[in-house]
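What follows is a set of notes on a single structure, which appears directly below.
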Amino acid sequence: MNYKGKMLQDNALKGQTIVVTGGGSGLGKAMTRYFLELGANVAITSRNLEKLQGTAKELETETGGICLPLQCDVRHYDQVEAMLKNTLDKFGKVDGLLNNAAGNFISPTERLSANAFDTIIDIVLKGTKNCTLAFGKHWIDTKQEQSVILNIVTTYAWTGSAYVVPSATAKAGVLAMTRSLAVEWAKYGIRSNAIAPGPFPTKGAWDRLLPGDLKEKFDMSKKVPLQRVGDHQELANLAAYLISDFSAYVNGEVITIDGGEWLKGAGQFNLLDQIPEQMWDMLEQMIRAKKSK
Ligand code: HXC
Ligand code: NAP
């Protein structure tokens, strides 16, 4: 099965400019690479300019595209406005915003300081709000015909999750923002969608969510019905589709890409897949025997 292949046709994003927050590492970098391969101009932003410059250079060499590194802490609205201005100065317009930047770490909630909780909310929810508001105002003021917002959430945006409560709280807010603006801003030609990835190994996430030997103790692939983690290109394919005109009628949607992981945790009898095949004859007989009495 070729799930690592590239999905869209050549030049599918030709002439488009996309901003990827947190584009210097992990999944943001993988999505940026594919957008560049498909012909887009991409501005990548985060706090660490040196890292962004390295990524931009690497991806430009690899793809032949144009990648602009811009320092911007999404927690600060003035920095977001400056990032938007720099993108416009370089490329003349911007068509897509990918809200991918995030902060997260595991912790019992009662151990968190107020500032620790705020830090995650500020990066994930307030950061997404800052970028969405600045870009949305720009698109509406300039009467741009078509534009698109894509937010990266998680499946615990709707299930919640213990030990990552600030992240779950913030991602739930981002999902609500996605669905709300899909309706409110459709009249301005702005589509809003989200992707909820399951486990896709990255250094940023794994260092903070599975430190030390937790990686071995909690093998994420075992939680997934398809029994594997995600490949970065699979996510990049979905993101490129949702950014591209091919998804022009998709609006207000959250697409889960997790191999069935969250549903496995949800279904009450899903644990029965641990029952060996040969036991089912006996179990069936026991059930039928009760019925006949
Ligand atoms: C408890 C902690 C902590 C920890 C930090 N803090 N780490 N508290 N346990 N492990 C507290 C600090 O003491 C401080 O509170 C407050 O949090 C802010 O910490 P700083 O280090 O000052 O913040 P900052 O430098 O802004 O760094 C933010 C960060 C860091 C979130 C803490 O980890 C970071 O930069 N992360 C960015 C990348 C990232 O997180 N990637 C993973 C995304 S994965 P006090 O009170 O002491 O001042 C993801 C996946 C979801 O989202 C789904 C997976 C399946
Ligand atoms: P990652 O590499 O740590 O990505 C997070 C990015 O956010 C980093 O590039 C970081 O760059 C940037 N960032 C953090 N704080 C910022 C701030 N204040 N302002 C601007 N940028 C900031 O981790 P990842 O796994 O690729 O995560 C990417 C996205 O996928 C996140 O939204 C995450 O919640 C989501 N996700 C990941 C998984 C997974 O399994 N990996 C699963 C579900 C959802 P700097 O440090 O340079 O600022």
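The values are calculated or read from the model by the stated rules, or taken from the named source; none is laboratory data. Values in this document were obtained by computation on a predicted structure and should not be read as measured data. Cβ atoms come from the backbone with ideal geometry, glycine included; neighbour counts cover every protein chain shown. Accessible surface areas use protein heavy atoms only, side chains included; no ligands, DNA or RNA. Shrake-Rupley method; radii C 1.70, N 1.55, O 1.52, S 1.80 Å.
What you get for the chain, charging only the Cβ of Lys and Arg (+1) and of Asp and Glu (-1), is a dipole of about 520 debye around the Cα centre. Protection proxy ranking of 239-246, 274-281, 39-46, by the mean of other Cβ atoms within 10 Å over each peptide's residues and highest first, is 39-46, 239-246, 274-281. Helix 165-184 axis versus longest C-alpha principal axis of the chain: approximately 60°, rounded to the nearest ten. Comparing Glu216, Glu60, Glu81 in a Gaussian network model of the chain where C-alpha atoms under 10 Å apart are linked, the largest mean-square fluctuation is found at Glu216.
Relative to the longest principal axis of the Cα atoms of the chain, the long axis of helix 232-243 lies at roughly 60 degrees.
Roughly to the nearest percent, how much of the accessible area of the chain is carbon and sulfur, given a 1.4 Å probe? The computed percentage sits at 54. Calculated mean residue ellipticity, 222 nm, the chain: -13500 deg cm²/dmol, from DSSP H runs (n ≥ 4) at -39500 (n - 2.57) each, averaged per residue and rounded to 500. Averaged over its residues, region 136-293 has an accessible area of 59 Å² per residue, based on protein heavy atoms and a 1.4 Å probe. In the calculated pair-distance distribution of the chain, the portion above 26 angstrom amounts to 46 percent of the Cα-Cα pairs. Pairs exceeding 25 Å between alpha-carbon atoms, taken from Lys4/Lys187; Lys14/Lys126; Lys129/Lys187; Lys57/Lys222; Lys14/Lys85: Lys4/Lys187; Lys14/Lys126; Lys57/Lys222. Bridgeable lysines around Lys291 (alpha carbons under 16 Å apart, same-chain partners fewer than 8 residues away excluded) are absent.
Look at the dipole of the chain built from charges on Cβ: of Leu70, Gly189, Gly23, the Cα furthest out on the positive end belongs to Gly189. Sorted on the mean count of surrounding Cβ atoms within 10 Å across their residues, most packed first, peptides 62-71, 177-186 read 62-71, 177-186. Residues with beta-carbon under 14 Å from that of Gln9, excluding Gln9: net charge, scoring Lys, Arg +1 and Asp, Glu -1? It works out to a net charge of -1.
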